[in-house]
Amino acid sequence: MLTTIKTTIKKILIGKPSKANYKFILKDWKRLFDLQLCQQILETKRFYQHLNTIQLDNPRGRRILVLAPHIDDEIFGTGGTLVKAIEKGAQIDIIYVANIFNDSEQTKRVRNEALSVCQKLGVVAHFLNCQIRNIPLNNRSVNNQLVSLVESIKPDTLFLPFLLDDHDDHRRVNHLLWKNLNTPKKNIEIWSYQIYSTVIPNVVVDITEYIQIKKELMDTYREVAGNRDWTHYIMGLNSINCRYIPGKKKTYGEAFFVVPLTEYFQLCEQYFANPSEIIYYRYDNG
């Protein structure tokens, strides 16, 4: 067996093996145009040389607004932290931006799951009813709804996915917020949360005591599970974040990029000022 493995490695290194020996990882050879833009964002304040992730119990603010591109993102990215904040007396509103399904019956079932989660948490739900993978950036009705909700809720803390997260809808929610909140109040603090991609983790919240509650909330979303065990995925992600929590105990953490909204918008301006075809996999003039 060992001889066979060595022979195969030798063929790969110095020979001309058949294409059948390869299993390609890339789905296509499309150029990733935005890598240089991402580098510019990440180098803006030389994070990697000076970053010291601090551990916080929960946000300081008591009026929290969560922007969830899809129903379930609010729990996957920040469920444990929200539970901790609620225990400390925070009032929380969640804006679900896009419907997960185009089918009306599936949409109704998923929305009922979201309302069940919000009822368990004691938070208020709002729905913008945008189309998945097609969140518009220039729709007057959507823009007005978002601005009206932000102005009425008056949050001092705003949660949303990290602006470079590897999902068009997650990026578009950042784009939408940046375009419409032209005169942000300086006292709003952004807590940018983690779903698919690595954030710049300057804050970690230890959710070890709340991981079972988070699991139960995630399991509520049966309709959106698809072909992946998202509960297992997210718990694994939270487990990896134990690297930011000192000690040898088995811990779970939610990682965040936390900055004032005005500074976050400076990063958004650098990124979203570029053509849509560079920063999105799918784009149109919407």
Quiz item: Looking at (1) closer than 28 Å to Pro201 by Cα; (2) touching a Pro at 6+ places or on another chain (Cβ under 8 Å), can you tell me which one Val142 breaks?
Solution: (1)
Quiz item: Regarding Thr81, is this residue among the hydroxyl-bearing types (Ser, Thr, Tyr) and at pLDDT 95 or above?
Solution: yes
Practice problem: Residues that are on the phi > 0 side of the Ramachandran plot and not assigned by TED's automatic domain parsing to the domain that holds Asn112: find the helices (runs of 4 or more DSSP H) completely inside region 176-286 holding 1 or more of those. | Solution: none
Self-check item: Scan of region 59-78 for residues that are under 17 Å from Asp219 (Cα atoms) and assigned to a strand (DSSP E or B), ordered by number
Solution: His70
Quiz prompt | Unique residue being free of Cβ contacts under 8 Å to residues at least 24 places away in the same chain, surrounded by fewer than 17 Cβ atoms within 10 Å (Cβ to Cβ) and in contact with a strand residue (DSSP E or B) (Cβ under 9 Å, 6 or more places away or on another chain) when the list is Arg282, Arg243 | solution = Arg243
Quiz prompt | strands (runs of 3 or more DSSP E) (entirely within region 88-167) containing at least 3 residues that are β-branched (Val, Ile, Thr) and within 19 Å of the chain's Cα centre (by Cα) | solution = 91-99
Exercise. Tell me which residues, restricted to region 182-206, are among the aliphatic types (A, V, I, L, M), modelled with pLDDT of 90 or more and closer than 17 Å to Gln266 by Cβ.
Key: Ile188, Ile190
Quiz item: Which one is farthest from the chain's Cα centre (by Cα), of the residues in region 36-70 that are modelled with pLDDT of 95 or more and hydrophobic (A, V, I, L, M, F, W, C)?
Solution: Ile64
Quiz item: When you scan region 215-240, how many residues do you find that are touching a residue at least 24 places away in the same chain (Cβ under 8 Å), of a type outside the set (D, E, K, R) and under 22 Å from Glu105 (Cβ atoms)?
Solution: 4
Quiz item: How about region 93-125: which of its residues are buried (at least 18 other Cβ atoms within 10 Å of the Cβ) and closer than 23 Å to Asn143 by Cβ?
Solution: Asp93, Ile94, Ile95, Tyr96, Val97, Ala98, Asn99, Ile100, Thr107, Arg111, Ala114, Ala125
Quiz item: Checking Glu189 against (1) under 16 Å from the mean Cα position of the chain (by Cα); (2) surrounded by 16 or more Cβ atoms within 10 Å (Cβ to Cβ); (3) closer than 24 Å to Tyr244 by Cβ, which test does it fail?
Solution: (1)
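The values are calculated or read from the model by the stated rules, or taken from the named source; none is laboratory data. Every value quoted in this text rests on a predicted model; they were computed, and no experiment measured them. Every residue, glycine among them, receives a Cβ derived from its backbone with ideal geometry; neighbour counts consider all protein chains shown.
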